[in-house]
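Working notes, beginning with the structure itself.
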Amino acid sequence: VSTQSTGVTKNIITLFFTFQSLLIMTSIGTGYDLSATTFSPDGRVFQVEYAHKAAENSGTAIGLRVKDGVVFAVEKLVISKMLEPGSNKRIHTVTPHIGMATAGLMADASAVLNWARKESGDYRQFYSNEIPTKILCDRLSGYVQMYTLYGYVRPFGISILLGGVDKKAGPQLFCIEPSGISWGYYGCAIGKGKQAAKSEIEKLKLSELTCRQAVVEAAKMIYSIHDDVKDKEFELELSWVCPESNNKHTMVPKDIKEQAEKLAQAALDEEDESSDDEMDA
């Protein structure tokens, strides 16, 4: 009897440790992250989650949809002092009236951008009209999601902000995640500072702002989110689609950008002074 009870106890202990090992494997992805086609026992696809992490490790990008257009702002981290200013842009023009900002792996962003431009060109050739922002978003979402379905490819390590001004629908702004899901937004942020940026966006009355005002607000957000201690130096990229640009996606003019950066820096300095005064008090 004692021998049987000892054997049963050993089996119970073995089952316990086996179950514990499975829980650990499930939580950290061991064995379930070798392919994007493999689900973990709790229904997670780890390669897609890793792609989200790649996007979150990038500098912050912000998109604002206001009453007369769309504004993009990007915190482009400068990884080397030897880089030429203005190189390796993270804001791109897809069609004359649609712009795209990305966070994540720049090589992946280039591949998706090239596909989006090809898809837009095919639509223009077939229908003799520019592709609407919503249709391009749906097609781009399907393309990104396709890379999560096959074992011989990997998900794109980027999040995408897609915005433009359509003749019928007006200003449009969408966010596409590495999983391929897309959402329509009035204001959205991606990258490492997205949570802080979203908190600031929620304070704005976007339906009452113009693109000129949104440029200043976006610059203030990027400057306030940037961490001078942890992060490297950065370049601020600003673009818009609005009546001032003839409803075409262009970079914000140099004089307007410089004015926005001055106001953003002044607001940041004022905030630092007020926090120092509170500490002294």
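The values are calculated or read from the model by the stated rules, or taken from the named source; none is laboratory data. Just so we're clear, the structure is a prediction, and the values are computed from it rather than from any experiment. In this analysis, Cβ positions are derived from the backbone assuming ideal geometry, glycine residues included, and neighbour counts consider all displayed protein chains. In case anyone asks, the SASA skips ligands and DNA or RNA and just uses the protein heavy atoms, side chains included. Shrake-Rupley method; radii C 1.70, N 1.55, O 1.52, S 1.80 Å.
Going residue by residue through the range 176-188, is there one that turns out to be touching a residue at least 40 places away in the same chain (Cβ under 8 Å), in a loop (DSSP other than H, G, I, E, B) and among the acidic types (D, E)? Checked the range 176-188: at least one residue is touching a residue at least 40 places away in the same chain (Cβ under 8 Å), in a loop (DSSP other than H, G, I, E, B) and among the acidic types (D, E). Out of the range 199-208, which residues are open to solvent by less than 30 Å² (accessible area, probe 1.4 Å) and not in a helix (DSSP H, G or I)? None - no residue of the range 199-208 is open to solvent by less than 30 Å² (accessible area, probe 1.4 Å) and not in a helix (DSSP H, G or I), so the list stays empty.
The residue list M251, M221 contains one member that is open to solvent by 40 Å² or more (accessible area, probe 1.4 Å) and either in contact (Cβ under 8 Å) with a residue 60 or more places away in the chain or closer than 30 Å to F46 by Cβ (or both), which is M251. A residue that is at pLDDT 95 or above and acidic (D, E) cannot be found anywhere in the range 222-232. Among the numbered conditions (1) farther than 20 Å from P132 by Cβ; (2) outside any helix (DSSP H, G or I); (3) not acidic (D, E), the only one that K220 does not meet is (2). When E235 is tested against (1) at pLDDT below 95; (2) assigned to a helix (DSSP H, G or I); (3) not small (G, A, S), just one condition goes unmet, and that condition is (2). Would you check if A214 is open to solvent by less than 20 Å² (accessible area, probe 1.4 Å), within 19 Å of V70 (Cα to Cα) and touching a residue at least 12 places away in the same chain (Cβ under 8 Å)? In short, yes. Can you say whether S87 is over 19 Å from S182 (Cα atoms) and within 13 Å of the chain's Cα centre (by Cα), as far as the supplied structure shows? The answer is no for S87.
Listed here are the residues, each with its yes/no results for (1) closer than 21 Å to W240 by Cα; (2) of a type in the set (A, V, I, L, M, F, W, C).
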| site | (1), (2) |
| --- | --- |
| K118 | no, no |
| K134 | yes, no |
| D138 | no, no |
| V144 | no, yes |
| Y152 | no, no |
| L162 | yes, yes |
| Q172 | yes, no |
| I181 | no, yes |
| E208 | yes, no |
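Residues satisfying the criterion are absent from the range 12-33 (criterion: out of contact with any strand residue (DSSP E or B) (no Cβ under 9 Å at 6 or more places or on another chain), at pLDDT 85 or above, farther than 30 Å from E237 by Cα and in a loop (DSSP other than H, G, I, E, B)). Criterion first (farther than 30 Å from Y32 by Cβ and either among the small types (G, A, S) or assigned to a strand (DSSP E or B) (or both)) does S141 satisfy it? In short, no.
Taking the range 51-65 on its own, how many of its residues are in contact with a Lys or Arg (Cβ under 7 Å, 6 or more places away or on another chain) and assigned to a helix (DSSP H, G or I)?
1
If a residue has to be hydroxyl-bearing (S, T, Y), open to solvent by less than 50 Å² (accessible area, probe 1.4 Å) and in contact with a strand residue (DSSP E or B) (Cβ under 7 Å, 6 or more places away or on another chain) to count, how many in the range 140-198 make the cut? Full working, then the answer.
From the range 140-198, those hydroxyl-bearing (S, T, Y) are 141, 143, 147-148, 150, 152, 159, 179, 182, 185-186; that's our starting set.
When the remaining residues are screened for being open to solvent by less than 50 Å² (accessible area, probe 1.4 Å), the result is 141, 143, 148, 159, 179, 182.
Remaining after also requiring in contact with a strand residue (DSSP E or B) (Cβ under 7 Å, 6 or more places away or on another chain): 141, 159, 182.
The qualifying residues number 3.
Would you confirm whether or not the range 129-149 contains a residue that is of a type in the set (F, W, Y) and more than 24 Å from H52 (Cβ to Cβ)?
First pass over the range 129-149, keeping only residues of a type in the set (F, W, Y): 143, 147.
Filter again for more than 24 Å from H52 (Cβ to Cβ), leaving none.
No, the range 129-149 contains no residue that is of a type in the set (F, W, Y) and more than 24 Å from H52 (Cβ to Cβ).
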